[in-house]
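Here's the structure, in structure tokens; my notes come after.
Derivation of every value follows stated rules applied to the coordinates shown; laboratory data play no part. Owing to the predicted nature of the structure, the values given are computational and were not obtained by experimental measurement. No Cβ is skipped: glycine too gets one built from the backbone with ideal geometry, and neighbour counts run over all protein chains shown.
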Amino acid sequence: MRSRSRLLLAAAALACAASAHGAAEQVRNELASRLRQQVPDVAPPDYALGAAAIDTELRAKMQENAAASAALVESGKTLWSRKFRNGRALASCFPNGGRRVAATYPLYDPRLKRVVTLEMAVNQCRKANGEPLYDMTDAQTMGAVMAYLRSLADGQKVAVRMTAAAEDRFEEGRRLYFTRLGQRNFACASCHVQAAGRRYGEQVLSPAIGQATHWPLVRGGRAVTLQARIRECLELMGAAPFPAGADELNHLELFLTYLSNGLTLRANAWRPG
């Protein structure tokens, strides 16, 4: 009887996981279908380029400035390999010294019962080794480390895992993305779903799918992470940005990254200053 109960519980858990994955996948498929109609000239794999998938002038400038991230990545590599006081380093906290791991973040940590971003994982490593945490907003430390760590996964396919426990966080990210906020009464989706592919002033509005693939951006020689850009957008909307590393931002990042599953990571994309 006890064995049968365990089997039933295991089957129920698998069903919940499948349901969660199915709900997230349905959202992704619906958005993909909409984008195919709105930007029919863009091949879905090119969503990984962000706005450059649509703006050919920006794409050409990106190619011209492909080496702009070299110094930033080198700085991040130095921080990544720098020895802690106990003789360990950031590289010791990640499988394969950090190679390819960026493609799997953010992820839901069942022990913490939270979505953990790559930045959080770096700070967890520093804390576990008795080192001070990096400021999430500091481009010279956390930004540079992100530039290097994500470069170790450049060319990998985004592979964020959706579980039953993560489903609520995905849904919260989706809700926030579609909620109108601030004095201008905009939502993230106002620009990147409803108006994807159109121009806003000088800029082409990138589609929601693909927005998580090319971070950090390199702008004026500095690394701009996805969450930093979301906070900038909230300010443009006339809304108070969520604090760096807040659960709301983590859930938005999970939502956007799952939408980009299967796309190729293109770390450290150049953008004009």
What do you get when you divide the Cα radius of gyration of the chain by 2.2 N^0.38 Å, with N the number of residues?
1.04
Alpha-carbon Rg with Dmax, taken over the stretch 70-151, Å:
12.1, 37
Using alpha-carbon coordinates alone, the radius of gyration and Dmax of the stretch 102-192 in Å work out to 15.7, 44
Taking trypsin sites (Lys or Arg not before Pro) as candidate sites, keep only those in a DSSP loop with at most 15 other Cβ atoms within 10 Å, then name the longest stretch of the chain containing none of them.
1-81
Listing Ser33, Ser75 by rising number of other beta-carbon atoms within 10 angstrom, fewest first, gives Ser33, Ser75
Spatially proximal lysines relative to Lys77 (Cα-Cα < 20 Å; intrachain offsets below 8 disregarded)
Lys127
per DSSP, antiparallel bridges as share of beta bridges in the chain, % nearest 5, sits at 85 percent
For the chain, what does -39500 (n - 2.57) per DSSP helix run (n ≥ 4), summed and divided by total residues, give at 222 nm, in deg cm²/dmol to the nearest 500?
-14000 deg cm²/dmol
